[in-house]
Every structure is written in structure tokens, then in C-alpha cells.
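Notes for the one structure printed next.
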Amino acid sequence: MASTTNFLVHAFLWLCLAATAFSLSPKFYDKVCPQALPAIKRVVEAAVHRERRMGASLLRLHFHDCFVNGCDGSLLLDSTPAFETEKNARGNLNSVRGFEVVDKIKAEVDRICGCPVVSCADILAVAARDSVVALGGPTWKVRLGRRDSTTASRATADNMLPLASMDLPALIDNFKKQGLNQRDLVALSGGHTLGVSKCSIFRNRIYNATNIDPAFAKERKATCPRTGGNTNLAPFDPTPAKFDTAYFKNLVKQRGLLTSDQALFNGGSTDKLVKTYSSNPDAFWDDFAKSMIKMGNIKPLTGNQGQIRVNCRMAN
């Protein structure tokens, strides 16, 4: 009886892990758990319906995960005696959010699939796509089959995440290190058509920049004083809950909220692309989708690498 039980347990685990034996593919879960992606979509849509800003937050989680040792779910790990969480990195601290929604997605997907078969890294990739779609943006076929890392690195996150203070050469270099080109840089920066930023992040620009529309600076100063109000929020563009081209139209008018935003349209090599996107939504949507697929393919763990975490916040 015991041997039979052990056999069934091992067979069950083998079935749960069988989907992790191949490279990234949009059809990765089609046979092992075809209900997985619809389940993710339901939870994301409900979360975005409750709070429109959550769409931007879930998109950002995928971006900040992929830029640190690849798309491996490392951003979701809490600190342990062995490492400090990436959540404490300067580009993430008191900024990245949406972890509770990821927990809900994980619980629902594992329930639907009957076992932990979908990685946390894949959940981030699919949730990012579903968030963009929920807010009126383009869709794309997410390549799946990533596995989860068992460790994280705050130091690596500090070194690899782009900063709001970066100029264009620094941004180009930062993205190049990830295998991403200037078109990817501009297209992915267009994700700032969604969401908001804190006063402490854009204060220096609105008070000290010369490449800024004076009326826009005055408007932002009304809720972002020179001192205090660090957590006061301002939108990246006038429609922060709608995936559109308003972000790029803002840049052309010198109304970029962050230094790194306006750097894309400041007399440099990316000006032409910003102008194109500002007047051609189809071009932006097409390039954004392509760049999201490309970013999602940064150094994924596959096959026997990593693991499928039972809890996205900790290694098994």
C-alpha cells in the first residue's frame, strides 16, 4: 500500500513538473493546464477594476523583475538570512507594489491546475500583458515556460534598474546591457502612459530642469513642494489609466514627468521615434508588443533550472 501511495505521489509531482521541460512557448500550458491563462486574466481584470492604477503596477513588476538577472520571479522573494530582497533596492523601495495581487493569482492558478505548475515568473509576464489589455492597450502572445529563481540580489537590482535621473546615453547603455536597443527603450518607456510617480522622484526635474514646459512645472509644483509631500502622486500623462499615446505627446511638449522620460525627446537620437509614436498609435502598439516579448525573453530559467515556487514570496 505504501509503495502504491509513493508511486502516485511521484507520478503526481511528475505531471506537475512535466510542463517545465521545454523552452519558452505561448502554448506551454495548453496541455498541462489550459485553464491557467484564463484564471490569471480573471484575477488581473478584477484587480484592475477595483483599482485602475494596479494595471501599471503589475506591468512594472514584470519590467523590474526581468532587468535583474532575467525574468525569474526574483523580485517577488522576501528577504532571508542568505540574501536581501530586491524590494529594498533604490528603484523598488516603497515603490513597487501589487504583490498581494500576485499572491491571489498564484493561489487561484494552483487551485485551478490542481498543483503548482505555473511559475511566478510566468505569472508576472502574463499579468503584465493582461493589465495592458484591461486598460485598452495591445495584446501579444506571451512566451511561457519560465522557472523561478531560488535567490535574489538587492545589489544587482541597485546596479541594473534604470533610474529616473538618467540621461539618454545612460538609458541606452542600461537597456543595451539587457540586449535591448533604442527602439525597445522608447517603446517600453511608453509603459509610462500608465500610472503615477511620487513627488520625491520627480521633484528635482520640476524645480531645476530647463527642458520643461513652465506651465507644466507650475502645475506639478502645486502638489510637490520643495520640501515635504514626498509621497504625493502625479500622473505620467493626463490619462494614467488608459493605454494611449498621451505619454509621447507630453514629451513633444516638454511635459515629461521624469528626467528619464524627457531624455527620450531632448534633441537626441530617439526624438524621431517619440514623434512617430505620438501621432501613430498603431506603430507604438506594435513595437510595444514586440519589445515586451523581447524583454520577457531576458535570461529565463528553463528545463531543470530553478523551480516552480509554491509560494511566490519564498523558495520551496
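The values are calculated or read from the model by the stated rules, or taken from the named source; none is laboratory data. Just so we're clear, the structure is a prediction, and the values are computed from it rather than from any experiment. Glycine gets a Cβ as well: all are built from the backbone with ideal geometry, and neighbour counts include every protein chain shown. With ligands, DNA and RNA removed, areas are computed over all heavy atoms of the protein, side chains included. Shrake-Rupley method; radii C 1.70, N 1.55, O 1.52, S 1.80 Å.
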Practice item. Subtract the Cα-Cα distance of N280 and T151 from 0.36 nm times their separation in residues, and report this length gain in nm to one decimal. Key: 42.3 nm
Review point. How high is the relative contact order of the stretch 69-194, given as a whole-number percent (alpha carbon pairs under 8 Å, six or more residues apart)?
Key: 30
Point to revise | Mean separation of Cα contacts under 8 Å, 6 or more apart, over the residue count of the chain: relative contact order % | key: 26
**Study point:** Spread of Cα-to-Cα distances over 10 Å intervals beginning at zero, given as percent, for the stretch 206-316
**Key:** 12, 31, 25, 20, 11, 1
Practice item. Averaging over all projection directions, find the projected area of the Cα convex hull of the chain and quote it in nm² with one decimal place. Key: 16.8
Point to revise | Proximal lysines to K87, defined as alpha-carbon separation beneath 26 angstrom and excluding residues fewer than eight positions away on the same chain | key: K41, K104, K106, K176, K177, K198, K294, K299
Review point. Got a sec to turn the phi values of the stretch 265-282 into Karplus ³J(HN,Hα) couplings, 6.51 cos²θ - 1.76 cosθ + 1.60 with θ = phi - 60°, whole Hz, x for Gly and Pro?
Key: 9, 8, x, x, 6, 9, 3, 4, 5, 4, 4, 4, 5, 4, 10, 9, x, 4
Practice item. Summarise the accessible area of the stretch 176-278 (1.4 Å probe, protein heavy atoms) by the percent that is carbon and sulfur. Key: 50
Point to revise | Principal axis dimensions, largest first and in whole angstrom, of the stretch 88-216 by Cα | key: 57, 34, 29
Study note, to complete from the structure: In whole angstrom, the spacing between the Cα centers of the stretch 18-76 and the stretch 197-240 equals 32
Point to revise | With all protein chains modelled, accessible area of C113 [1.4 Å, Å²] | key: 30
Practice item. Quick one: work out Rg over Rh on the C-alpha atoms of the stretch 102-145, Rh as Kirkwood radius. Key: 1.00
Point to revise | Residues R313 and K176, FRET efficiency given R0 of 25 Å [Cβ-Cβ distance, rounded to 0.05] | key: 0.20
Review point. Leaving out ligands, DNA and RNA but keeping every protein chain, what accessible area does R129 have, in Å² rounded to the nearest 10, with a 1.4 Å probe?
Key: 30
